[in-house]
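Note sheet for the following structure.
The values are calculated or read from the model by the stated rules, or taken from the named source; none is laboratory data. Here the structure is a predicted model, which means the values were calculated and not measured. Note: ideal-geometry Cβ built from the backbone for every residue, glycine included; neighbour counts use all protein chains shown. Just so you know, the surface numbers come from the protein's heavy atoms only, side chains and all, with ligands and any DNA or RNA stripped out. Shrake-Rupley method; radii C 1.70, N 1.55, O 1.52, S 1.80 Å.
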Amino acid sequence: MQDTVTTSALLDPSHSSVSTQDKSSTGGHTSSTGPQLSKPSITPVPAKSRNPHPGANFHRMRRIIAEDPEWSLAIVPLLTELCIQHIIRNFQKNPILKQMLPEHQQKVLNHLSPDLPLAVTANLIDNENYWLRCCMQRWPVCHVAHHGGSWKRMFFERHLENLLKHFIPGTTDPAVILDLLPLCRNYVRRVHVDQFLPPVRLPAQLRPGDQSDSGSEGEMEEPTVDHYQLGDLVAGLSHLEELDLVYDVKDCGMNFEWNLFLFTYRDCHSLAAAIKACHTLKIFKLTQSKVDDDKARIIIRSLLDHPVLEELDLSHNLIGDRGARGAAKLLSHSRLRVLNLANNQVRAPGAQSLAHALAHNTNLISLNLRLNCIEDEGGQALAHALQTNKCLTTLHLGGNELSEPTATLLSQVLAINTTLTSINLSCNHIGLDGGKQLLEGMSDNKTLLEFDLRLSDVAQESEYLIGQALYANREAARQRALNPSHFMSTITANGPENSVG
């Protein structure tokens, strides 16, 4: 009988709760002001059935005591979720994505592994969040702005660049790169490679009887040092717009040899043929590669009459006057807008050739000749060209052994030129009188916004006053940008000859 009462108390807690309420309401005593209520007759639970251990409360609160301790009331997963999980697990063998609803596609993409083969994902997945995860897994530092803001483009460009930087001619299978082209050709627009490895030098195999006392036993073969030929690669990239190359070897350590940094003639001819056939190329850079006059002319010859080339950067090489003459010819036979020949060996004759082309050019907006040695003869030739040129906006002549004669002619240019916005004459010998001449030219100039005269021996007062004139020009340019309609109405009212700038 006692067992029966105990079981009923566990299964019907309301019974015990009522009795507890009644007891609490009466405080366990009989009220002195009202009629006495009789206590309900409840059979007490035997002391041995009151479980003192902690597990007793757990069993008392359970409604159903299942035999399976892991059983719960959670609902069974939806069939849709089960299908999505199956697709994710088997995506490599059976990639299903386009046939799904957008919300289901997103769930699949959020859980796909970044390690899936590119043959599966390259032309199937366009979701930027997936390629962001792929990039962040491989490279701790990612500047997606350098790749047009596209994570997918960034992944394929950097992946291709990594393969090129570690390609060893004669050792690495060319199929490693060629097999990637069908997967990345629609996404790669920029290729930047700052290392090209040469072939591996192997010990010469000595035949019996060839060894002599005068010969050393460890002589090495002298293989060709030609690097990876870019012809097939460039031809396979149908949207390539920028090619930035450095024929260099990084981290060579104790294996340093000068021929590791050699840009061979075969490399040069192969590269020239590749860029000539690439009609989408807008920017070409070949820097720090020991390019001399002969190789520069081979490269430039292939760029003559190029349909879309806008920028050529051959800085930090060994280009002299003959190479500069080739660049001058290119200015007359292309749509080039930016030319960079900084840190080369261009002297006065080369600068004069460039000046002659610049005088009649209508496309070039930036010319960089810093760290050459054009001297006053070349500087004056460029200044004469700027008196008629109507398109150049940026001129960098820093570190060219220029002095007062060049400054005198440039002051005349400043008085009449209305297109130049930035001039750099730093690290020259302009002198006190040259600074005064430039200050006089700035008094009539309303368009120049930047003028670098650091370390050029210009008087501090002249440099300060030139800075004040530049500030006024920048402020006027800012006002014109904020109120273009007011500026145009001023020109209409006063006439172009009386307008500012």
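Screening M254 with (1) surrounded by 18 or more Cβ atoms within 10 Å (Cβ to Cβ); (2) at pLDDT below 95 gives one miss only, at (1).
Criterion first (modelled with pLDDT of 80 or more, open to solvent by 20 Å² or more (accessible area, probe 1.4 Å), in contact with a helix residue (DSSP H, G or I) (Cβ under 6 Å, 6 or more places away or on another chain) and not charged (D, E, K, R)) does S270 satisfy it? Yes: the conditions hold for S270. Consider segment 134-185 and keep the residues that are farther than 23 Å from S113 by Cβ and polar (S, T, N, Q). The one that is surrounded by the most Cβ atoms within 10 Å (Cβ to Cβ) is T172.
Of all the listed residues (L367, L392), the sole one being within 28 Å of K436 (Cβ to Cβ), among the aliphatic types (A, V, I, L, M) and part of a strand (DSSP E or B) is L367. Picking from residues in segment 117-133 that are in a helix (DSSP H, G or I) and among the hydrophobic types (A, V, I, L, M, F, W, C), the one that is least open to solvent (accessible area, probe 1.4 Å) is W131.
Here K390 passes the criteria (1) within 19 Å of V458 (Cα to Cα); (2) open to solvent by 10 Å² or more (accessible area, probe 1.4 Å) except the one numbered (1). For beta carbons closer than 6 Å, sequence separation of 6+ or different chains, a first residue in segment 177-198 that is within 16 Å of A122 (Cα to Cα) and modelled with pLDDT of 95 or more and a second that is open to solvent by less than 30 Å² (accessible area, probe 1.4 Å) and acidic (D, E), the qualifying pairs are V188/E157. Contact annotation: no residue pair with Cβ atoms under 8 Å, 6 or more positions apart or on different chains, pairs a residue in segment 469-485 that is of a type in the set (S, T, Y) with a partner that is open to solvent by less than 60 Å² (accessible area, probe 1.4 Å) and part of a helix (DSSP H, G or I).
Output yes when any residue across segment 296-319 is open to solvent by 60 Å² or more (accessible area, probe 1.4 Å), part of a helix (DSSP H, G or I) and not basic (K, R), and no when none is. There is no residue in segment 296-319 that is open to solvent by 60 Å² or more (accessible area, probe 1.4 Å), part of a helix (DSSP H, G or I) and not basic (K, R).
Looking across S485, S462, S443, one residue alone is over 21 Å from N340 (Cβ atoms) and open to solvent by less than 30 Å² (accessible area, probe 1.4 Å). It is S462. For segment 396-413, name all the residues that are in contact with a helix residue (DSSP H, G or I) (Cβ under 8 Å, 6 or more places away or on another chain) and either in a loop (DSSP other than H, G, I, E, B) or surrounded by 24 or more Cβ atoms within 10 Å (Cβ to Cβ) (or both). Within segment 396-413, L397, N400, E401, L402, S403, T406, A407, L410 meet the criteria.
For segment 270-295, the set of residues classified as under 26 Å from the mean Cα position of the chain (by Cα), in a helix (DSSP H, G or I) and under 20 Å from L318 (Cα atoms) consists of L271, A272, listed by residue number. Hey, any hits in segment 328-336 for a residue that's more than 19 Å from N361 (Cα to Cα), surrounded by fewer than 21 Cβ atoms within 10 Å (Cβ to Cβ) and among the hydroxyl-bearing types (S, T, Y)? Scanning segment 328-336 turns up no residue that is more than 19 Å from N361 (Cα to Cα), surrounded by fewer than 21 Cβ atoms within 10 Å (Cβ to Cβ) and among the hydroxyl-bearing types (S, T, Y). Pairs are defined by a Cβ separation below 6 Å, a sequence spacing of at least 6 or placement on different chains, a first member in segment 132-155 that is free of Cβ contacts under 8 Å to residues at least 40 places away in the same chain, and a second member that is of a type in the set (S, T, Y); the pairs so defined are K152/Y187; R153/Y187. Of all residues assigned to segment 88-108, none qualifies as being open to solvent by less than 80 Å² (accessible area, probe 1.4 Å), touching a His at 6+ places or on another chain (Cβ under 9 Å), in a helix (DSSP H, G or I) and under 14 Å from Y187 (Cβ atoms). So, D457, is that one surrounded by 13 or more Cβ atoms within 10 Å (Cβ to Cβ), free of Cβ contacts under 8 Å to residues at least 60 places away in the same chain and assigned to a helix (DSSP H, G or I) or not? Spelling it out, it is not the case that D457 is surrounded by 13 or more Cβ atoms within 10 Å (Cβ to Cβ), free of Cβ contacts under 8 Å to residues at least 60 places away in the same chain and assigned to a helix (DSSP H, G or I). Taking the conditions exactly as written (farther than 22 Å from T362 by Cα, in contact with a Phe, Trp or Tyr (Cβ under 7 Å, 6 or more places away or on another chain) and open to solvent by less than 30 Å² (accessible area, probe 1.4 Å)), does I423 satisfy them or not? Answer is no for this residue. Per the listing D293, D248, the residue uniquely open to solvent by less than 50 Å² (accessible area, probe 1.4 Å) and at pLDDT 95 or above is D293.
Within the set L101, L124, L82, L78, the sole residue that is among the hydrophobic types (A, V, I, L, M, F, W, C) and either in contact (Cβ under 8 Å) with a residue 12 or more places away in the chain or in contact with a Leu (Cβ under 6 Å, 6 or more places away or on another chain) (or both) turns out to be L124.
Filtering segment 464-501 to residues that are at pLDDT below 95, under 21 Å from A415 (Cβ atoms), assigned to a helix (DSSP H, G or I) and touching a helix residue (DSSP H, G or I) at 6+ places or on another chain (Cβ under 8 Å) leaves only R480.
Residue pairs whose Cβ atoms lie under 8 Å apart, sitting 6 or more positions apart in sequence or on different chains, and linking a residue in segment 256-271 that is closer than 13 Å to L197 by Cβ to a partner that is open to solvent by less than 30 Å² (accessible area, probe 1.4 Å) and among the aliphatic types (A, V, I, L, M), are L260/V249; F261/V249.
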